[in-house]
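So the structure is just underneath, and the comments pick up after that.
The values are calculated or read from the model by the stated rules, or taken from the named source; none is laboratory data. What you see is a predicted model; the values in this text were computed from it and never measured. Here Cβ is always computed from backbone atoms with ideal geometry, including for glycine, and neighbour counts include all displayed protein chains.
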Amino acid sequence: MKILITGCRGQLGQELQAQLAAGQSPLGPVPERLRHATVLAIDIEDLDIADREATVAYVRRHQPDVVINCAAYTNVDGCETDTDAAFKANALGPRNLAMACEKVGARLVHVSTDYVFPGTENGGIPLDESALPAPVSAYGRTKWLGEQYVQQFCRRHFIVRTAWLYGYKGKNFVKTMVRLGKTQQSVTVVDDQRGNPTNAVDLAHHLIRLADSHEYGLYHCTGSGVCSWAEFAAEIMRLSGSACKVLPCTSAEYAAAHPQAASRPAWSALDDRALRCTVGDAMRPWQAALAEYFQNWNGE
Ligand SMILES: NC(=O)c1ccc[n+]([C@@H]2O[C@H](COP(=O)([O-])OP(=O)(O)OC[C@H]3O[C@@H](n4cnc5c(N)ncnc54)[C@H](OP(=O)(O)O)[C@@H]3O)[C@@H](O)[C@H]2O)c1
């Protein structure tokens, strides 16, 4: 068994490598077949997935059984201005991997986002896999096109949407709040966008389990429970022992202060229905996953 991980330097890519190397995650063992897999972990300097010929040639040369695509242009605000780069990484990249996987019979696990949704409140009901995307940002639009290409060009695919991701390695909201919590008396955080914080440990664990299955298709995979960014920030301050106050603001107030920022969906809480109904996995409450993060994170 050979697993190719693209975007291996990112938050998720690094967590996947750690779990595959250890043969387990805090949530349980890596499935037997994948535990002894050869892992090929690459990033943009090894292969730019936006280059179709190079991607097809690379996959043909290495003949992976599974490709897990963690590569993306994830700077949501940057995608608004750097639109060609976003299109290449988030749409053409997955298309090229899908074409390459189809040629060698590999399974493709592709990671997408809650930002494919428009953010209409949906009566307070988390969105399951039957909900219709209508992205409101360049990031969301390019990621949605990437999903469609994967569906179109690779039969054995898993498209897994996650949200509000934080891992031990790389930059994320949790680390930013911890840093601000050490130096500021207060931080102002948006309180009218609601979603699901997701620990990269949980996502990686479930991606590996899915990759071992034949349950192809579309998935949501996020921490269970819903909160606002301000509520998320308040829990981070509490768990990190910071006295820094979280001052809630509206998206409109944030946009007035940050005119370059991309629009973000107000309601992008996801329901992991397909995961529950196929491999039977329930995601942990986001608070439990965050508490474990603080127990294990070395502060870097
Ligand atoms: N972070 C979140 O909150 C979040 C939320 C929802 C969904 N997701 C999705 O989850 C997945 C993993 O996110 P993450 O936070 O782990 O991402 P990340 O930390 O930003 O890592 C992405 C990696 O992909 C690389 N990359 C970018 N363009 C590439 C290209 N054309 N070819 C090859 N590699 C390329 C990046 O290199 P450079 O650093 O050099 O650009 C980086 O090392 C992505 O699909 C993302 O869209 C993330």
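Can you run down the residue pairs with Cβ atoms below 9 Å, 6 or more apart or on separate chains, where the first is in the range 266-280 and part of a loop (DSSP other than H, G, I, E, B) and of a type in the set (Val, Ile, Thr) and the partner is crowded, with 20+ Cβ neighbours inside 10 Å and at pLDDT 95 or above? Pairs that qualify, where the first residue is part of a loop (DSSP other than H, G, I, E, B) and of a type in the set (Val, Ile, Thr) and the partner is crowded, with 20+ Cβ neighbours inside 10 Å and at pLDDT 95 or above, are 278/210; 278/219; 279/206; 279/209; 279/210. Scanning the range 238-279 for residues that are in contact with a strand residue (DSSP E or B) (Cβ under 6 Å, 6 or more places away or on another chain) and among the aliphatic types (A, V, I, L, M), which turns out nearest to residue 183 (Cα to Cα)? Looking at residues that are in contact with a strand residue (DSSP E or B) (Cβ under 6 Å, 6 or more places away or on another chain) and among the aliphatic types (A, V, I, L, M), I get 246. Checked against (1) at pLDDT 95 or above; (2) over 18 Å from the mean Cα position of the chain (by Cα); (3) outside any strand (DSSP E or B), residue 254 meets all criteria but (1). With respect to the conditions (1) closer than 25 Å to residue 19 by Cα; (2) surrounded by fewer than 21 Cβ atoms within 10 Å (Cβ to Cβ); (3) within 11 Å of the ligand (Cβ to nearest atom); (4) in contact (Cβ under 8 Å) with a residue 60 or more places away in the chain, residue 72 lacks only one, and its number is (2).
So is residue 79 surrounded by 17 or more Cβ atoms within 10 Å (Cβ to Cβ), of a type in the set (A, V, I, L, M, F, W, C) and within 9 Å of the ligand (Cβ to nearest atom) or not? In short, no.
Screening residue 90 on (1) more than 19 Å from the chain's Cα centre (by Cα); (2) assigned to a helix (DSSP H, G or I); (3) under 25 Å from residue 2 (Cα atoms) shows it passes everything except condition (1). Checked against the criteria, residue 97 does not count as within 23 Å of residue 2 (Cα to Cα), assigned to a loop (DSSP other than H, G, I, E, B) and within 11 Å of the ligand (Cβ to nearest atom).
Taking the range 7-60 only, how many residues are of a type in the set (Gly, Ala, Ser), within 12 Å of the ligand (Cβ to nearest atom) and either more than 17 Å from residue 96 (Cα to Cα) or part of a helix (DSSP H, G or I) (or both)?
Of the range 7-60, the ones of a type in the set (Gly, Ala, Ser) are 7, 10, 13, 18, 21-23, 25, 28, 37, 41, 50, 54, 57.
From what's left, within 12 Å of the ligand (Cβ to nearest atom): 7, 10, 13, 41, 50, 54.
Still in the list and also either more than 17 Å from residue 96 (Cα to Cα) or part of a helix (DSSP H, G or I) (or both): 10, 13, 41, 54.
Count: 4.
Looking only at residues that are out of contact with any Gly (no Cβ under 9 Å at 6 or more places or on another chain) and closer than 30 Å to residue 69 by Cα in the range 176-189, which one is surrounded by the fewest Cβ atoms within 10 Å (Cβ to Cβ)? Write out each step before concluding.
Kept after step one, since they are out of contact with any Gly (no Cβ under 9 Å at 6 or more places or on another chain), are these residues of the range 176-189: 176-177, 179-180, 182-186, 188-189.
If we keep only those that are closer than 30 Å to residue 69 by Cα too, we end up with 176-177, 179.
Working: 176: 14, 177: 25, 179: 11.
Result: 179.
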